[in-house]
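Undergrad: Supplied in structure tokens, the structure appears directly below.
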Amino acid sequence: MSDIAIELHHVSKKYRLRRGWFVTSLGNEVARLSARLLGRAVPPREEFWALKDVSFDIKRGETIGFVGANGAGKSTLLKILSKITVPTRGTFTVNGRVGALIEIGAGFHPELTGRENVFLNGAIMGMRRREIQEKFDRIVEFAEIEQFIDTPIKHYSSGMQMRLGFSVAAHIDPDILLIDEILAVGDASFQAKCLNKMAQLKEQAKTVVLVSHNLTNIREHSKRVIWIDHGTVRMIGDPDAVVNAYLDHVTTAMTFGEGSSERAERVALDKPACILDVAVFDHQVHPQSHFDTGDSVSIDIAYSLKAPVPGAVIGVTIQDIHGYPLGGIVTDPNGVQLSSEEDRGILRLTLNPLLFTKGTYTLDAYIGDPTLKKYYDYRRTAAKLVVDGAGHTSLASGHVHYPHRWEKLT
Amino acid sequence: MFEHLRDIWHHRDLILSLAFRDVKARYKQTALGAIWALLQPLSMMVVFTLIFSVFAKIPSDGVPYPVFSYSALVFWTFFAAVIGQGTVSMVANKELIRKIYFPRETLLLAVFIAAALDMLIASTIFVGMLLYYHIPLTLTMLWVIPLLFLQSLLALSVVCLLAAAHVNFRDVGHGLPLVFQIWMFATPVAYPLSLIPEWFRPIYMLNPMATIIDGYRQAILHGRPPDLTALGITMGCVLLFGLVAFSVFKKAERTFADVI
């Protein structure tokens, strides 16, 4: 048996973008043909390459992580590996039984009982009936739904359905396991179960292909990481190196507020109030974007008011790398007053200590009416904070490092 | 081809699971349950008897019209159900097709098994009618088995093409009921084959279902074996057609997930 689990040779995948075959696709072809006959420039076919000339191989027993922006081609790649679709060009070999934790519980039928669905779902994933019978007790136990196994699953909570789906998928005993974003769903105990299962497969020297936006998980579990960018392999290698390169790329690709004051000035002409600039400083008021957990951070927000806006407030919202809001801070209308007498001002917001764990965070700034039902100006990703995380705080999960103390009582 | 057939055999548990799901889900939360499988051909028989026999006085080869029409309706309903439900089965299971790979023809075979079960239920009434009208039970009736095999092969071949087409052009699903209405009247279901003038027969018999449906009737109601030449030719054509249709389906299957 070869020691290569997955091998891709110059794999490309083309999708036709079509809405209504006759209207778009046929119309497009007619347009192309007539353009060619008339000797004009031929309009391109409405198609796009989700993967372009992708080659790599994965060894047996290796855990490989895939990173890349949404739409970069990761899902298409997994679809090819799990035989859901075929590449337009190129060849690939997969040695061994493939199990996919891509859409757990796909094919569950709400009217069937848990037991019936286990057999249906197991069969869809390629298990024989006898095999499911042998594993049935373990599947039910792992899903923790013993009492409800003969209830139609339309009466299950979504969490129960997910546990059952995952449990079936986890018992396929594949040689190669594909995992897509599964760690992003479910509660913490469910995620812990997923991670344990993955660790167990790794011990059994199974091949695991992991796709996730959770870069911490990717970094921790993968032996190598492949960065997919616009359908091509941008980088393959050591998890730390690839994840860091990817992070740098993502954060610099964002548009930041710098250099846009001029534009803000123009916009301000027809807005009663606007945010002019946002800048981040360390405790010595040096411009800075890298911090450690526990540092003092100052955020200066320059604004202008063109007309009297009674009770206007200024606020910031901080998001994680995926744009998920982590918290917001707004000026108290009874505290700091924004007066329209002076048409410009700078507010300083100080976060001390900085409670975020290792990661990259972005900051939106806005100015609005006191109830925040109306925004006069909203600046998306006006600034970024890169937190390196001090000491063991970088091990913790989540984004917040809570002020705390541990005591040994006995 | 052999490899595909082995793949189907390997997935027999999946086919049964899907068929079980289709049957169970279909009659869940219905008061009548499986009686619905009877009502479809039964109500057609009542309507046909009223219109074609009582009002229009169409002959039925000396056999009481209800059992005459039911002997065709039982099998026609099966034929129409396999193709009707099979054609839309890919799209009906699109969530599965987008997310998991399994041989897609298992969905067609599951529809086939579920429809066969319905036919079996509808046949109970048919047997009752044969006894009631004192139709003699003979060994010639066993011709039903090869005829049913031929019909199944034809239905599965047609549905392979239509299901693949429906994934790409939903027009197929819209046009299907219309085509089936016409097809049924082009087949001796409501009237006897003897009603078709000799000169038109060569064209009329191009419809393989005409040979098959008339075959059932001859074997069950009249105790006559079907015309072996016609049956042989039909079988040859259907086999060839089936090979082509299945290959087309397997080729189209590769991109189902992209276009569905």
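No value in this document is a laboratory result; all are computed from the given coordinates. Small disclaimer: the values here were computed from a predicted structure and weren't measured. We place every Cβ from the backbone using ideal geometry, glycine too, and count neighbours over all the protein chains shown.
Undergrad: Take B:Leu120 and A:Asp173, extend 7 Å from each Cα along the Cα→Cβ direction, and tell me the distance between the two endpoints in nm.
TA: 3.2 nm
Undergrad: Okay, next question. So what J values fall out for the range A:361-376 if you push phi through Karplus, 6.51 cos²θ - 1.76 cosθ + 1.60 with θ = phi - 60°, rounded to Hz, Gly and Pro as x?
TA: 10, 10, 10, 9, 10, 8, 10, x, 6, x, 8, 6, 8, 9, 9, 7
Undergrad: So who's got an amide H within less than 5 Å of the one on A:Asp377, skipping anything under 5 residues away but keeping other chains? H placed 1.01 Å off N, in plane.
TA: Amide H to amide H, under 5 Å and 5 or more residues apart or across chains, A:Asp377 pairs with A:Ile367.
Undergrad: Further question on the same structure: Return the average number of partner chain Cβ atoms within 10 angstrom of each residue Cβ along peptide B:91-97.
TA: Across the residues of B:91-97, the mean count of other-chain Cβ atoms within 10 Å is 2.
Undergrad: Let me ask another. Over the whole of A:118-131, what's the average partner chain Cβ count within 10 Å per residue? Rounded to a whole number, please.
TA: Going residue by residue through A:118-131 and averaging, the value is 5.
Undergrad: Moving on to the next point. Filter the DSSP H helices in chain B by two things, a Kyte-Doolittle mean of at least 1.0 and an axial alpha-carbon span of 18 angstrom or more, and list the hits by number.
TA: Helices meeting the criterion: B:35-48, B:65-92, B:105-132, B:144-168, B:228-253.
Undergrad: Same structure, new question: What distance in nm separates the simple spin-label points at A:Lys306 and A:Leu195, each placed 7 Å from Cα in the Cβ direction?
TA: Each label point lies 7 Å from its Cα, and together they span 5.1 nm.
Undergrad: Here's something else I'd like to know. Among A:6-12, B:246-252, how do they line up from the highest to the lowest mean number of other beta-carbon atoms within 10 Å?
TA: Ranking, from highest mean packing down: A:6-12, B:246-252.
Undergrad: In which sequence would B:His10, A:His322 go, from the one with the fewest C-beta neighbours within 10 Å to the one with the most?
TA: Least to most surrounded, the residues fall as A:His322, B:His10.
Undergrad: Extension gain A:Lys408-A:His10, at 0.36 nm per residue separation less the Cα-Cα distance, in nm?
TA: 137.4 nm
Undergrad: Okay, next question. For chain B, set up a GNM with springs between Cα atoms under 10 Å and report which of B:Gly173, B:Gly33, B:Gly86 has the largest fluctuation.
TA: B:Gly33
Undergrad: Sticking with this structure for a sec: So how many Lys-Lys pairs in the range B:2-259 land under 30 Å Cα to Cα, not counting same-chain pairs under 8 apart?
TA: Lysine pairs meeting the criterion: 9.
Undergrad: Right, here's the next one. Which of the peptides A:65-72, B:115-122, B:56-63 is most tightly packed, and how do the rest follow, judged by the mean count of other Cβ atoms within 10 Å per residue?
TA: A:65-72, B:115-122, B:56-63
Undergrad: Straight-line reach from A:Lys197: which lysines fall under 19 Å, measuring Cα to Cα and dropping same-chain residues less than 8 apart?
TA: Leaving aside lysines fewer than 8 places away in the same chain, those within reach of A:Lys197 are A:Lys135, A:Lys206, A:Lys223.
Undergrad: To the nearest whole number, what is the average tally of beta carbon atoms from other chains within 10 Å of the beta carbons of peptide B:20-30?
TA: For this peptide, the per-residue mean of nearby foreign Cβ atoms is 3.
Undergrad: Report, in deg cm²/dmol and to the nearest 500, the calculated mean residue ellipticity at 222 nm for chain B, where each DSSP H run with n ≥ 4 adds -39500 (n - 2.57) and the sum is divided by the residue count.
TA: Taken over chain B, the calculation gives -24000 deg cm²/dmol.
Undergrad: Net charge around A:Asp300, counting only other residues with Cβ within less than 11 Å of its Cβ (Lys, Arg = +1; Asp, Glu = -1)?
TA: Once all neighbours under 11 Å are counted, the net charge is 0.
Undergrad: Additional query: Given the range B:90-157 reduced to its alpha-carbon atoms as identical point scatterers, what log10 I(q)/I(0) does the Debye formula return at q = 0.12, 0.13 Å⁻¹?
TA: Summing over Cα pairs of the range B:90-157 leads to -0.50, -0.56.
Undergrad: What do you get when you divide the Cα radius of gyration of chain B by 2.2 N^0.38 Å, with N the number of residues?
TA: With N residues counted in chain B, Rg over 2.2 N^0.38 Å equals 1.04.
Undergrad: Under 28 Å between alpha carbons, and skipping anything fewer than 8 positions from A:Lys374 in its own chain: which lysines qualify?
TA: Hits, sequence-local ones excluded: A:Lys271, A:Lys306, A:Lys384.
Undergrad: Taking the 0 to 90 degree range and rounding to the nearest ten, how far is the long axis of helix A:114-124 tilted relative to the main principal axis of chain A, both from C-alpha atoms?
TA: Tilt relative to chain A: about 80 degrees.
Undergrad: If one takes the longest principal axis of the Cα atoms in chain A, at what angle in degrees, from 0 to 90 and to the nearest 10, does the Cα axis of helix A:239-253 lie?
TA: 40 degrees
Undergrad: With point charges of +1 on the Cβ of Lys and Arg and -1 on the Cβ of Asp and Glu, referenced to the Cα centre of the protein assembly as shown, which listed residue (A:Gln191, A:Ser304, B:Val248) lies farthest in the positive direction of the dipole?
TA: B:Val248
Undergrad: Between the alpha-carbon centers of the range A:111-127 and the range A:305-374, tell me the distance in whole angstrom.
TA: So the separation of the two Cα centres works out to 52 Å.
Undergrad: Further question: For A:Arg224 paired with B:Arg12, estimate the spin-label separation in nm (one decimal), with each label point 7 Å from Cα along the Cα-to-Cβ line.
TA: Calculated label separation equals 4.2 nm.
Undergrad: Report, to the nearest 10°, how far helix A:27-37 tilts away from the longest principal axis of the Cα atoms in chain A, using its own Cα long axis and a range of 0 to 90°.
TA: For A:27-37 against chain A, the angle is about 80 degrees.
Undergrad: Report, please, the projected area of chain A averaged over directions, based on the convex hull of its C-alpha atoms, in nm².
TA: That works out to 30.5 nm², a quarter of the Cα hull's surface.
Undergrad: Something else about it: Amide H neighbours of A:Leu276 under 5 Å, at least 5 residues apart or on other chains, H built in the peptide plane: list them.
TA: The list, which skips near neighbours in sequence, is A:Ala302, A:Tyr303, A:Ser304.
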